[in-house]
Amino acid sequence: MLFRSQSDTRDFLALSRLTPVVRYLEVARPAISLRLPAVLRILVAIAEPEGLPPLDLARERREIEAAWGGTREVEVVFLEEATSSALREALLGSPFHVLHFMGHGGLDPTTGEGLLFVTREGAPDPLSGEALATLLKDFKTLRLVVLNACKTARAPGEEGLDPFAGVATALVMAGIPAVVAMQLPISDPAAIAFSRTLHLRLAAGDPVDAAVTEGRQAIFTANPGTWEWAVPVLFTRVSDGRIFDHQARRA
């Protein structure tokens, strides 16, 4: 679905910040409000296991660093060669508010479950959405998860399979307020363009839905002849796109 305008203008809703397109999920877990922290802490998990196609993760890292450079109220921490245990330990060590994963994703060919590939002794370690949700759901300060990895927004489409078995939907069901993920394969240049602009706009103070729209615009501008701009998807439990209570900043 490309979310074309209902009028005959050939406009796409998902490319306008006036009509941000999100997948809003009603979840039984209550949404917990969190005041904007004095220091926003971002954990960037990097996973490039052996045997999978190479990605320019070094460039994506530089773009994220540049996006937040000079912002004193933000601390970006990079987790090299992310494993499940290292990710858990990092989150236990100190509170983080945003988790950005860069690497590979896919679907389990047997179950249709969404997978994220972390590493284990250098090899690919497939982590299901349910497993990742179990790993993250204890950390109530975590407000946004960005999964810059292919097919992490996909969920099984066959009859009888759990429609919430995708990685992104599993995280929202576990209580994460907002999750950005990719519904299809995405090229390295498009993924980096999206990541760069998403972080730039978040740094500028945009709500997450507007920041995602600008990320789609960046892909479209770089290569308007493709549909890759439609690959990023925002899942949220937050109707206004703001993942923090901006009324008061925590001291």
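The values are calculated or read from the model by the stated rules, or taken from the named source; none is laboratory data. Note that this is a predicted model, so its numbers are computed, not measured. Note: ideal-geometry Cβ built from the backbone for every residue, glycine included; neighbour counts use all protein chains shown. Ligands, DNA and RNA are excluded from the accessible area calculation, which covers all protein heavy atoms including side chains. Shrake-Rupley method; radii C 1.70, N 1.55, O 1.52, S 1.80 Å.
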Between Leu92 and Thr226, take the C-beta separation as r, use R0 = 41 Å, and let me know the FRET efficiency to the nearest 0.05. 0.50
Region 41-153: Rg to Rh, with Rh as the Kirkwood radius over Cα pairs: 0.96
Starting from the amide H of Arg120, placed 1.01 Å from N in the peptide plane, find each other amide H under 5 Å away whose residue is 5 or more places distant or on another chain. Asp125
Length added when fully stretched, Arg120-Arg59, from 0.36 nm per residue minus Cα-Cα: 19.6 nm
Could you go through region 71-86 in sequence order and give the Karplus-derived ³J(HN,Hα) for each residue, using 6.51 cos²θ - 1.76 cosθ + 1.60 with θ = phi - 60°, rounded to whole Hz, and x for Gly and Pro? 8, 5, 8, 10, 10, 10, 10, 9, 9, 6, 6, 4, 10, 4, 5, 5
Shape verdict for region 33-103, please, from the Cα gyration tensor: rounded (a/c under 1.5), prolate (a/b greater than b/c) or oblate. oblate
Under 5 Å between amide H atoms, partner at least 5 residues away or on a different chain: which partners does Ala47 have, H built in plane at 1.01 Å? Ala82, Met102
Calculate, for region 69-189, the solvent-accessible area per residue in square angstrom, rolling a 1.4 angstrom probe over the heavy atoms of the protein chains. 42 Å²
Interchain or sequence-distant (5+) residues whose placed amide H lies within less than 5 Å of the amide H of Phe78 are Val44
Which residues does a label at Glu81 reach in region 97-127, if reach means a backbone N under 15 Å from a point 7 Å past the Cα toward the Cβ? 118-125
How much FRET efficiency would the formula 1/(1 + (r/R0)^6) give for Thr71 and Asp108, where r is the Cβ-Cβ distance and R0 is 45 Å, rounded to 0.05? 0.70
A correct Karplus calculation of ³J(HN,Hα) over region 141-152, with 6.51 cos²θ - 1.76 cosθ + 1.60, θ = phi - 60°, whole Hz and x for Gly and Pro, returns 6, 6, 10, 9, 10, 10, 10, 8, 8, 4, 6, 6
Sorting Met102, Ala38, Val76 by the position of each Cα along the dipole of region 38-122 (Lys, Arg +1; Asp, Glu -1; all at Cβ), the one nearest the positive end of that ordering is Ala38
Ignoring everything but the protein chains, give the 1.4 Å probe accessible area of Glu81 in square angstrom, nearest 10. 90 Å²
